[in-house]
Amino acid sequence: MIEEKTQPETTGSPGDYQPVLIPHPGRGTPVLLEEYRAEGGYRGWEKALREMSPDEVVEEVKAAGLRGRGGAGFPCGAKWGFVPKVPGPKYLACNADESEPGTFKDREIMEVEPHMLVEGVAIASYAIGAGDAFIYIRGEYVTAADRLDAAIAEAERAGLLGSDILGTGVDVRIRVFRGAGAYICGEETALLESLEGRRPMPRSRPPFPAVEGLYRRPTVVNNVETLSNVPHILKNGQAWYQTIGVPPKNTGPKIFCLSGRVNRPGNYELPLGAVTFRELIEEYGGGVPDGRQIKGVLPAGASAPILTADKLDTKLDYDSVQAAGSMLGSASLIVLDETVCIVRAAARMAEFFRHESCGKCTPCREGTAWLHQILVRLEAGRGSEADLDLLMSLSGEISGKVLCALGDFATSPVTATIRQFREDYLEHFKLGRCPYDSWTA
Ligand SMILES: Cc1cc2nc3c(=O)[nH]c(=O)nc-3n(C[C@H](O)[C@H](O)[C@H](O)COP(=O)(O)O)c2cc1C
Ligand code: SF4
């Protein structure tokens, strides 16, 4: 018999914070239905079904202040509220593509807490009036997909999913859709194209998916971590949720994926804004190997501008990181130490975006290839200051002139490193080679 846990007590301070999204660190096996329910699971779903109208669920999530954890930090409840109240099918698509370099938080949720996500998907579907929901998962996440399939089957057998759920007349079906592994599939409209069986090329907007999404029907696309917050909001209430983090705009728990030059890389769940970059790296990540100095931190994988070491005392929440000149994004922090060649790092990120560009827009398709090609040359020491001007102007021809944010993301490693590490570039030109011995092709 498993003992039921009481409602978690949380505070904004990290010391006594008890994780709710990944409460079983280091566990290799999934939490099955019996254990999940014993820990209070599916209470939020039951409460929504029995005590709340769909609109009340939307209002509760709005009041909690939950912002999307997929990257943009868009308010979740507001997005749900955009879904028009029209007859006919509506859909929920859970974005489990998780392809941003350095991001591995959704994987842990899905592999260990599959029922938490299933419950979140069910509640969100009810809130927006969707009878069918899809979890779009990257093909490489085989274990996570298998565990989600098993969790859905378990929930169906228990009458928590399917038709006439718990005798309330509500129907919600959830299916797991395995993608083929491309970064662009995480872009919400490319994801919908892929779900429909086409090449994952982003659509132009408007119309936005909430109005015209999957099969041209109203569709909400939400990230795995976003939806995994929802059961906790419903079960414990929005007032409880607001005690975590920094209200009103940075509430709730956040999983920080820490990697790069740190002693203890991994996922760390903390309230938004509770710690700084430095505290996360030092106290949770065990600092940098061999006591080396930090040169910079990428706060959101390859997609957001790098921050220099003088920004390490910035709090880890959406608004603070933005004020420091970057974006929290999916909060996948990659630490670069003093032995890292920044030009090499920029070239490597440019290579990634070149490879992942879907090719639909000319500035992105051609521009990402040129950015990469030029950076490889500069890294080898064959360049001059004029090349930096060329890279800045080329970036200006891509950013804001393309269909989706991948094009903008592709320019940020280039422009941010030129602005903040210009000396590193100049050193390459002066020496006619890379000054960093650690460089490997
Ligand atoms: C190139 C690109 C890749 C993206 N990859 C992901 C991803 O892997 N997972 C994700 O949740 N959002 C990703 N996004 C953001 C989604 O388009 C979308 O904003 C998000 O799924 C919305 O969920 P949220 O509101 O819950 O954050 C990506 C965006 C772009 C432009
Ligand atoms: S910006 Fe790049 S990835 Fe996005 S639609 Fe255009 S070509 Fe494709």
So how strong a dipole does segment 342-428 carry about its Cα centre when Lys and Arg Cβ are +1 and Asp and Glu Cβ are -1, to the nearest 20 debye?
-> 260
Measuring from its Cα centre, segment 120-259 shows a charge dipole (+1 at each Lys and Arg Cβ, -1 at each Asp and Glu Cβ) which, in debye to the nearest 20, is 320
Given q = 0.17, 0.19 Å⁻¹, what are the Debye log10 I(q)/I(0) values for segment 33-243, with equal point scatterers placed on the Cα positions and solvent ignored?
-> -1.18, -1.51
Of the candidates Gly266, Val297, Phe256, the farthest towards the positive dipole end of segment 238-308 (Lys/Arg Cβ +1, Asp/Glu Cβ -1, centred on the Cα centre) is Val297
Shape parameters for segment 251-337, alpha-carbon atoms, Rg then Dmax in Å | 11.3, 35
Estimated FRET transfer efficiency (Asp149, Arg198; beta-carbon r; R0 22 Å; 0.05) | 0.40
So what's the back-of-envelope 222 nm ellipticity for the chain, counting only DSSP H runs of four-plus at -39500 (n - 2.57) apiece and dividing by all residues, rounded to 500?
-> -12000 deg cm²/dmol
What is the spread of the Cα atoms of segment 342-428 along each of their three principal axes, largest first, in whole Å?
-> 36, 19, 17
Could you give the semi-axes, largest first, of the ellipsoid that matches segment 124-269, computed as the square roots of 5 times the alpha carbon gyration tensor eigenvalues and rounded to whole Å?
-> 25, 23, 19
Using alpha carbon positions and the Kirkwood radius, the Rg to Rh ratio of segment 269-412 is 1.00
Could you tell me what fraction of 2.2 N^0.38 Å the Cα radius of gyration of segment 90-138 comes to, as a two-decimal ratio?
-> 1.19
At the level of C-alpha centres, the distance separating segment 11-64 and segment 224-257, in angstrom, is 9
Computed over the Cα atoms, what is the radius of gyration of segment 24-117 divided by 2.2 N^0.38 Å, N being its residue count?
-> 1.26
Among GluC sites (Glu not before Pro) in segment 319-374, those in a DSSP loop whose Cβ has at most 14 other Cβ atoms within 10 Å are Glu338
How much net charge surrounds Glu51 when only other residues with a Cβ under 15 Å from its Cβ are counted (Lys, Arg +1; Asp, Glu -1)?
-> -1
If you stretched the chain out fully between Met392 and Ala72, how much longer would it get, using 0.36 nm times the residue separation minus the C-alpha to C-alpha distance?
-> 112.8 nm
Take each of the peptides 328-334, 254-260, 403-409, average the number of other beta-carbon atoms within 10 Å over its residues, and list them starting from the highest.
-> 328-334, 254-260, 403-409
Kindly give Rg over Rh for the chain, based on alpha-carbon atoms, with the Kirkwood expression for the hydrodynamic radius.
-> 0.99
Could you check what % of the DSSP bridge pairs in the chain are antiparallel, to the nearest 5?
-> 45
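Every number here is computed from the coordinates shown, using simple stated rules; none is lab data. Not measured: the values here are computed from a predicted model. Here Cβ is always computed from backbone atoms with ideal geometry, including for glycine, and neighbour counts include all displayed protein chains.
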